[in-house]
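Everything below concerns the one structure shown next.
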Amino acid sequence: MNALKNKVQLIGNLGKDPEVKNFDNGKMVVRFSLATTETFYDNDGNKTDDTQWHNVVAWNNNAKRIQKLLTKGSSVIVDGKITYRDYDDKDGNKKYITEILCQDFILMK
């Protein structure tokens, strides 16, 4: 059995309009931030919201669909996988990025 080992599903809202980048070779990438919020009650009975922000990236066909359908505030279900990358900033410091690679999504009404 070949089970998926890196799978994530997030339900949330876009924090801003997707950022689109087109490449000379015809490929496209889209990036957006997704807020997921859990509501719970603390020990004193006060209602508390815990919001986490996720960086989402999508390529080519998914990127084109996202560009057409999603805007700031859109409610969406994102299916994908967690990816990690690093780079050196302009000062030579190592920076680490965690992203969700969107493999599919559903716009919620």
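The values are calculated or read from the model by the stated rules, or taken from the named source; none is laboratory data. Quantities reported herein were computed from a predicted structural model and do not represent experimental measurements. Glycine gets a Cβ as well: all are built from the backbone with ideal geometry, and neighbour counts include every protein chain shown.
Checking each residue in the stretch 35-77 for being closer than 22 Å to LYS21 by Cα and among the hydroxyl-bearing types (Ser, Thr, Tyr) picks out THR71, SER74. Residue check: GLY73 meets all listed conditions (1) of a type outside the set (Ser, Thr, Tyr); (2) surrounded by 14 or more Cβ atoms within 10 Å (Cβ to Cβ); (3) in contact (Cβ under 8 Å) with a residue 60 or more places away in the chain but one, namely (2).
Do any residues in the stretch 1-27 that are touching a residue at least 40 places away in the same chain (Cβ under 8 Å) have Cβ atoms under 9 Å from those of residues that are of a type in the set (Asp, Glu) and surrounded by 10 or more Cβ atoms within 10 Å (Cβ to Cβ), where the two are at least six apart or on different chains, and which pairs are they? Taking only residues 6 or more apart or on different chains, the pairs are LYS7/ASP79; VAL8/ASP79; GLN9/ASP79; LEU10/ASP79. Could you go through the stretch 86-103 and let me know if any residue there is in contact with a helix residue (DSSP H, G or I) (Cβ under 7 Å, 6 or more places away or on another chain), surrounded by fewer than 12 Cβ atoms within 10 Å (Cβ to Cβ) and either assigned to a helix (DSSP H, G or I) or at pLDDT 95 or above (or both). Within the stretch 86-103 (the criterion being in contact with a helix residue (DSSP H, G or I) (Cβ under 7 Å, 6 or more places away or on another chain), surrounded by fewer than 12 Cβ atoms within 10 Å (Cβ to Cβ) and either assigned to a helix (DSSP H, G or I) or at pLDDT 95 or above (or both)), the answer is no, since none of the residues qualifies.
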